[in-house]
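Before any comments, here is the structure.
The values are calculated or read from the model by the stated rules, or taken from the named source; none is laboratory data. Worth saying up front: this structure is predicted, and the values here are computed from it rather than measured. Please note: Cβ atoms are built from the backbone with ideal geometry, for glycine as well, and neighbour counts cover all protein chains shown. Accessible surface areas use protein heavy atoms only, side chains included; no ligands, DNA or RNA. Shrake-Rupley method; radii C 1.70, N 1.55, O 1.52, S 1.80 Å.
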Amino acid sequence: MPVSIKSPREIELMTEAGRILALVHEELEKALRPGMTTLDIDKLGEEIIRSYGCIPSFLGYNGYPASICVSLNDEVVHGIPNAGRIIHEGDVVSLDAGVIYKGYHSDAARTHIVGEGTKEAKDLVRVTEESFFEGIKYAREGNHLGDISAAIGNYARALGYGVVRDLCGHGIGTNLHEAPEITNFDTGRRGLRLKAGMTLAIEPMINAGTWQVRWLDDDWTVVTKDGRLSAHYENTVLITGGEPKLLTLR
């Protein structure tokens, strides 16, 4: 499937979708506290998204039942919000969200530590975010997709972390998931050559232990195979003729 090149008008719409999603994440971070349930976060997230005149990208997507993916501790991604799941001091909470603005999607994830976390948790969250920024050093016209993937994976692996291989980033636009797939590790192939106007959801998923994961019985929630912590960091990125633009980061 060809990778879409966005027109100037499409870039305007995606830029606004990204700006709104950045605000959603900021509001959720402010609200996050011990004693909340994961369903509380989901309800608040949907309310904020709709207050900006947007539609939650995730709600009903392939049957997903919520607006915000809320993944705790050893959950890598796609945690389903639940009224019985209470957030405690020290929990590692990954929030993944998307919005649709006038037909265009944005997608971003952040991992937070509630209250005072462990050193292991703090280091993991920091390295996951750093690996993203190592990757986007190569998100420039003329480079290859594999340059981004290799930079992300090599950075995290060199520090002793597990880089999830079963899930990946993706193109984004009028659909939440478009071509190309974007791995977070070096596949040995350079892959697609990047062009201005491409919009990519780049999203390292990094584990404190093994890279291996498994799916729970709900067919959505992905957890680390060894039960250790995981973190997730994602932005929607626009390839330009110069520096990449992070549409979901203010």
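Listing for the model above:
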quantity: Whole-Hz ³J(HN,Hα) from phi, Karplus 6.51 cos²θ - 1.76 cosθ + 1.60, for segment 25-39, glycine and proline x; calculated: 5, 4, 5, 5, 4, 4, 7, 5, 7, x, x, 5, 9, 5, 5
quantity: Computed label-point distance, nm, for sites residue 62 and residue 216 using a 7 Å Cα→Cβ extension; calculated: 1.7
quantity: Prolate/oblate/rounded call for segment 40-122, Cα gyration tensor, a/c under 1.5 rounded; calculated: prolate
quantity: Per-residue HN-Hα couplings for segment 140-155 [Karplus 6.51, -1.76, 1.60; θ = phi - 60°; Hz; x = Gly/Pro]; calculated: 10, 3, x, 6, 10, 4, x, 5, 5, 4, 5, 5, 4, x, 5, 5
quantity: Sulfur and carbon atoms: percent of accessible area, the chain [1.4 Å]; calculated: 49
quantity: Residue-wise HN-Hα coupling along segment 206-220, computed from phi with Karplus coefficients 6.51, -1.76, 1.60 (Hz; x: Gly, Pro); calculated: 10, 10, 5, x, 5, 7, 6, 9, 9, 9, 6, 5, 6, 6, 10
quantity: Calculated FRET efficiency for the pair residue 52/residue 122, C-beta based, R₀ 45 Å, to 0.05; calculated: 0.90
quantity: Simple label model, 7 Å out from Cα along Cβ direction - residue 193 to residue 240, nm; calculated: 2.3
quantity: Within segment 128-225, GluC sites (Glu not before Pro) in DSSP loop having at most 15 other beta-carbon neighbours inside 10 Å; calculated: 141
quantity: Computed [θ] at 222 nm, deg cm²/dmol, the chain (DSSP H ≥ 4; -39,500 (n - 2.57); rounded to nearest 500); calculated: -9500 deg cm²/dmol
quantity: Solvent-accessible area per residue for segment 163-250 (1.4 angstrom probe, square angstrom); calculated: 44
quantity: Long-range amide H partners of residue 236 with built H, under 5 Å; calculated: 107, 247, 248
quantity: Chain lengthening between residue 89 and residue 27 when straightened (0.36 nm per residue, less Cα-Cα); calculated: 20.4 nm
quantity: Cross-link pairs 102/245; 119/245; 102/137; 30/137; 137/245; 30/225 - those with Cα-Cα distance over 23 Å; calculated: 119/245; 102/137; 30/137; 30/225
quantity: Cut-off under 5 Å, modelled amide H: who pairs with residue 112 long-range; calculated: 93, 94, 95
quantity: Segment 1-72: C-alpha gyration tensor shape, a/c 1.5 cut-off, then a/b vs b/c; calculated: prolate
quantity: Debye, to nearest 20: dipole size of the chain, +1 on Lys, Arg Cβ, -1 on Asp, Glu Cβ; calculated: 680
quantity: Amide H contacts under 5 Å for residue 182, placed H, 5+ residues apart; calculated: 169, 170
